[in-house]
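Colleague: Quick one: the structure is below, and I'll ask about it shortly.
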Amino acid sequence: MSLKKTSPHRIRVFESANDLYHALLDHLEQQIHTVLKKPKNPTIALATGNTMIPLYRMITDYQDRLHVDQWNCFNLDEYYPITDANATLSFYAYMNTHFYSRVQKPVKLKRILNGRTEDPATECLEFEKQIQEVGGLDIAILGLGQNGHIGFNEPGSDPDSRTRLVTLQEDTLMANFKGIPPFTQAMTMGIDSILESRHIIVIALGKSKAAAVHSAIKETVTRRVPASFLQDH
Ligand code: GLP
């Protein structure tokens, strides 16, 4: 149980999803303005999943206010391997549907790990290099897996992990797909890569996330709950 460093500003509980998304939008706006004042293009790690869909809608509704055209966007993860047959289930497709197709002025930089690569190790290195080239991550917006994963850093992930190819666990595949899963692997930013972000926001909604939230916040930092590593951030 280590909540010592936890101020009320660090963990916020909302009565409704709507309240959460509105507060989040305001918070994100403040953070973006702080980065722009440096002056710097905000470099942002973006997540996928159902939790993020209303957020992308709101961000794109207020894209001028949030200066979305100034953003360097790096997605946290992508399934592997992507083929023509499964491409509609890729995070590339998700991002186009929920975010990029709604953006009017293109973002400064759009980077999603290439799930079609034949050389994932090189792709992951290149991805990390590009983040460094634009000055590192300013803000990471994360969801939470029911098993406590962040990005696709599954339970057991090394806190020193960098962007890499990983094997997805059964519970994640069951949560993300109905029936036979079209993927068993993914490329993901590592725990260490995520922790390098200057500011990190995690959003979790609903009963299915309650146990993961509880473990991430209240348990001692443990590899069993990758989100618990955020306590040290
Ligand atoms: C996927 C992503 C995670 C995301 C999680 C939660 O597994 N790799 O980054 O946090 O989904 O998804 P949902 O919001 O649908 O519960």
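Colleague: Scan region 44-57 and tell me whether some residue there is over 15 Å from the mean Cα position of the chain (by Cα) and more than 13 Å from the ligand (Cβ to nearest atom). It would help to see each step written out before you state the result.
Modeller: Our first condition is that a residue be over 15 Å from the mean Cα position of the chain (by Cα); within region 44-57, this holds for 57.
Then keep just the ones that are more than 13 Å from the ligand (Cβ to nearest atom); that gives 57.
Yes, some residue in region 44-57 is over 15 Å from the mean Cα position of the chain (by Cα) and more than 13 Å from the ligand (Cβ to nearest atom).
Colleague: Turning to a different aspect of this structure: Could you please tell me which pairs satisfy a Cβ distance under 6 Å, a separation of 6+ or placement on different chains, a first residue in region 200-213 that is open to solvent by 60 Å² or more (accessible area, probe 1.4 Å), and a second residue that is more than 9 Å from the ligand (Cβ to nearest atom)?
Modeller: none
Colleague: To continue, here is another question. Here is a check on your reading of the model: is Ala212 within 13 Å of the ligand (Cβ to nearest atom) and at pLDDT 95 or above?
Modeller: Against the criterion (within 13 Å of the ligand (Cβ to nearest atom) and at pLDDT 95 or above), Ala212 qualifies.
Colleague: Determine, yes or no, whether Asn176 is near the ligand (Cβ under 10 Å from one of its atoms) and either β-branched (Val, Ile, Thr) or open to solvent by 20 Å² or more (accessible area, probe 1.4 Å) (or both).
Modeller: Considered against the rule, which asks whether it is near the ligand (Cβ under 10 Å from one of its atoms) and either β-branched (Val, Ile, Thr) or open to solvent by 20 Å² or more (accessible area, probe 1.4 Å) (or both), Asn176 comes out as yes.
Colleague: Right, next: Looking only at strands (runs of 3 or more DSSP E) that lie completely in region 93-207, which have at least 1 residues being within 27 Å of Thr83 (Cβ to Cβ) and of a type in the set (A, V, I, L, M, F, W, C)?
Modeller: 109-111, 164-167, 185-188
Colleague: Now a separate question. Output the qualifying pairs, or none if there are none: Cβ atoms under 7 angstrom, residues six or more apart or on different chains, first residue in region 86-100 and of a type in the set (Gly, Ala, Ser), second residue open to solvent by 50 Å² or more (accessible area, probe 1.4 Å) and in a helix (DSSP H, G or I).
Modeller: none
Colleague: Could you list, in sequence order, the residues of region 159-173 that are in contact (Cβ under 8 Å) with a residue 24 or more places away in the chain and near the ligand (Cβ under 10 Å from one of its atoms)? Let's see the steps before the verdict.
Modeller: Initially, region 159-173 is screened for residues in contact (Cβ under 8 Å) with a residue 24 or more places away in the chain, giving 159-165, 171-172.
If the condition is that a residue be in contact (Cβ under 8 Å) with a residue 24 or more places away in the chain and near the ligand (Cβ under 10 Å from one of its atoms), then Thr172 is the only one that fits.
Colleague: How many residues, within region 24-58, are within 17 Å of Gly206 (Cβ to Cβ), of a type in the set (A, V, I, L, M, F, W, C) and assigned to a helix (DSSP H, G or I)?
Modeller: Residues in region 24-58 being within 17 Å of Gly206 (Cβ to Cβ), of a type in the set (A, V, I, L, M, F, W, C) and assigned to a helix (DSSP H, G or I): 4 in total.
The values are calculated or read from the model by the stated rules, or taken from the named source; none is laboratory data. From a predicted model like this one, the values you see are computed outputs, not experimental measurements. We place every Cβ from the backbone using ideal geometry, glycine too, and count neighbours over all the protein chains shown. The protein model used for the area step is the full one, side chains on, heavy atoms only, and it has no ligands, DNA or RNA in it. Shrake-Rupley method; radii C 1.70, N 1.55, O 1.52, S 1.80 Å.
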